[in-house]
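One structure is given below, encoded as structure tokens.
The values are calculated or read from the model by the stated rules, or taken from the named source; none is laboratory data. Bear in mind that the values here come from a model prediction, so they are computed numbers and not experimental data. With ideal geometry, Cβ positions are generated from the backbone for all residues, glycine too; neighbour counts draw on all protein chains shown.
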Amino acid sequence: MRPFAYRRATDARAAVAALSEQPNAMYLGGGTNLVDLMRLGVIAPEALVDVTRVASDTVEETAGGGLLIGAGVRNSDLAAHPVVRRRYPMLAQAVLSGASGQIRNMATVGGNLLQRTRCSYFQDVSKPCNKRQPGSGCPAVEGDHRNLAIIGHSAACVATHPSDMAVALAALGTSVHVEGRHGARQVTMPGLHRLPGGEPDRDTVLDPGDLITAVELPALPFAARSRYRKVRDRASFAFAVVSVAAALDVAGGVVRDCRIAFGGLAHVPWRAELAEEALRGSPATEAEFARAADAELARARPLPENGFKVPLTRNVLVRTLTELAETP
Amino acid sequence: MNGEADTTRWDASTPVTVDLRLSVNRDEYPITVDTRETLLDTLRERLDLTGAKKGCDHGQCGACTVLVDGRRVKSCLTLTVTLDDREITTVEGLADGDAPHPLQTAFVDHDAFQCGYCTPGQLCSAVGMLAEAAAGWPSVVTPDMSAAPRLDDDEIRERMSGNLCRCGAYVNIVAAIGEVAR
């Protein structure tokens, strides 16, 4: 690991200023991904600005009925929060589906959103990777891509976004609060992350020096009936092969509204807008759920080794929605 | 950390060091650390506390698990420079004098290890996990997210999934933890 300077920021503006002063500096949150990537040689910052003590480790109810979650809130505290568990169960389940107890105690909300793909080529500096080294190529397209993207990918990059939490946040339409060099602004998910296109080195729409300070969940009463379901290669402590975050509002057997997002399928937490559109106003039946899944997955372009994800995603969505519809 | 210690100077080859005071098992250690140093390396190489083990060094195996302010973390992914006002507890600090921690006794009673390499991490993780459950934290296998969890074997397995045991002593580890949990 290369030597680096360490500074501790106590407020967001000071953190942004500190990052502006130092070339090739990065923010340090829980460090669960960053420290590993530094050890692997994937990144080599000259300075780390520790933002874990920036005053943002609180969860507050907003006047509009939503929830404002500080970027420094640890994943475990978010999942254990009584209001999150009661009003946004899919968010608690998504967070608890990720990593391990130790990692969740360390990882922050802001860092979780900005973690990097676990594509093995990205993490192996002896291999080409357009995300790590633009223009070097993507061995995954013809190599090991069983667990990589089936939708929204490009010839340059077929990586997936690894976060579970982000899938629930994308489904909820969460607003991400950002402090940057030109002041504060908000970015609404799923718009925080970007598809790879020709610039897979850019995971998000954030600019250099931008600091996530909070995420704001909208008031969404029907999210009390929501669920996160994750399919993985072992029972626990593994990244998603496919995951679904879904909230369902059913009245008189008809879907009034819904929120659906997928994990493990794309470079971004994938908000299934076509499936949502197909479902609104439809009977809450298994046949309609399958029709909605097909509407979304018609856009899938699986690679030779990951075509199984298409029917798997369809089945996981249908099962999840069916369970939600049957929940009293 | 020493107030306004200047840790901003940087060139590609010179290590950056920081003076700080570490609190481990209620002992204070004034120490100068390289910013790159992980807590695991500081404990093992500098403080002669070799209970925490280096397994994968990537946060995947759990052998390095220690408690920071009572919470279980992976010491291989924790930079020591971040810890100057935290209380660190390692496996060496679990016993009360000559009296082993109840989990240590249960691990012996249930033969919950073979080679023992993962055991310090298992013990620290279990201490943290029991505190999490006592605080009412759910896990992903908790049937009702809004209710307090009950620590059955499925819950213990899920909550301990960050600790691998290559000897495969899991059955006895779950039994040992279950005895203390119930």
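Observations on the structure shown:
- Cross-chain or 6+ apart pairs with Cβ under 7 Å, the stretch B:15-40 first and facing chain A (nearest Cβ under 10 Å), then surrounded by fewer than 18 Cβ atoms within 10 Å (Cβ to Cβ) and aliphatic (A, V, I, L, M): B:Val18/B:Met1; B:Val18/B:Ala5; B:Arg36/A:Met1
- The residues of the stretch A:193-248 that are within 13 Å of chain B (Cβ to nearest Cβ), over 14 Å from A:Pro269 (Cβ atoms), among the small types (Gly, Ala, Ser) and touching a strand residue (DSSP E or B) at 6+ places or on another chain (Cβ under 6 Å), listed by number, are A:Ala223, A:Ser226.
- Which listed residue is among the charged types (D, E, K, R), under 21 Å from A:His193 (Cβ atoms) and within 12 Å of chain B (Cβ to nearest Cβ), from A:Asp36, A:Asp50, A:Asp77: A:Asp36
- Screening A:Arg291, A:Arg256 for residues that are of a type outside the set (A, V, I, L, M), without any contact (Cβ under 8 Å) to a residue 40 or more places away in the chain and part of a strand (DSSP E or B) leaves exactly one candidate, A:Arg256.
- The requirement of being assigned to a strand (DSSP E or B), surrounded by fewer than 19 Cβ atoms within 10 Å (Cβ to Cβ) and not basic (Lys, Arg) is satisfied by A:Ala184.
- Within the stretch B:47-63, the set of residues being crowded, with 23+ Cβ neighbours inside 10 Å and within 9 Å of chain A (Cβ to nearest Cβ) comprises B:Gly59, B:Gly62.
- Scanning the stretch A:1-38 for residues that are under 10 Å from A:Val49 (Cβ atoms) and not small (Gly, Ala, Ser) gives A:Tyr6, A:Arg7, A:Arg8, A:Val16, A:Leu19, A:Glu21, A:Gln22, A:Met26, A:Tyr27, A:Leu28.
- Tallying residues that are polar (S, T, N, Q) and part of a loop (DSSP other than H, G, I, E, B) within the stretch A:69-103 yields 1.
- Members of the stretch A:224-252 that are surrounded by 23 or more Cβ atoms within 10 Å (Cβ to Cβ) and not in a loop (DSSP other than H, G, I, E, B): A:Ser226, A:Tyr228, A:Lys230, A:Val242, A:Ser243, A:Val244, A:Ala245, A:Ala246, A:Ala247, A:Leu248
- With respect to the conditions (1) in contact with a Ser or Thr (Cβ under 8 Å, 6 or more places away or on another chain); (2) within 21 Å of A:Val176 (Cα to Cα); (3) within 14 Å of chain B (Cβ to nearest Cβ), A:Ser100 lacks only one, and its number is (2).
- Meets criteria (at pLDDT 95 or above and of a type in the set (Asp, Glu)) for B:Asp69: yes
- Residue in the stretch B:164-175 that is closer than 21 Å to B:Glu92 by Cβ and surrounded by 16 or more Cβ atoms within 10 Å (Cβ to Cβ) present: yes
- Residue list for the stretch B:69-89, filter: part of a strand (DSSP E or B) and facing another protein chain (nearest Cβ under 8 Å): B:Arg71, B:Arg72, B:Val73, B:Lys74, B:Leu79
- The listed residue being of a type outside the set (Gly, Ala, Ser) and buried (at least 23 other Cβ atoms within 10 Å of the Cβ), out of A:Val54, A:Val83: A:Val54
- The set of residues from the stretch A:210-223 being part of a loop (DSSP other than H, G, I, E, B) and either out of contact with any Gly (no Cβ under 6 Å at 6 or more places or on another chain) or within 25 Å of A:Glu276 (Cα to Cα) (or both) comprises A:Pro218, A:Ala219, A:Leu220.
- Pick from the stretch A:53-63, criterion at pLDDT 95 or above and part of a loop (DSSP other than H, G, I, E, B), ranking: nearest to the other protein chains (Cβ to nearest Cβ): A:Thr62
For (1) within 8 Å of the chain's Cα centre (by Cα); (2) crowded, with 24+ Cβ neighbours inside 10 Å; (3) of a type in the set (A, V, I, L, M), each residue gets a yes or a no:
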| site | (1), (2), (3) |
| --- | --- |
| B:Thr65 | yes, yes, no |
| B:Leu77 | no, yes, yes |
| B:Leu83 | no, no, yes |
| B:Arg86 | no, no, no |
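- Residue in the stretch B:102-120 that is within 12 Å of chain A (Cβ to nearest Cβ), β-branched (Val, Ile, Thr) and not in a loop (DSSP other than H, G, I, E, B) present: no
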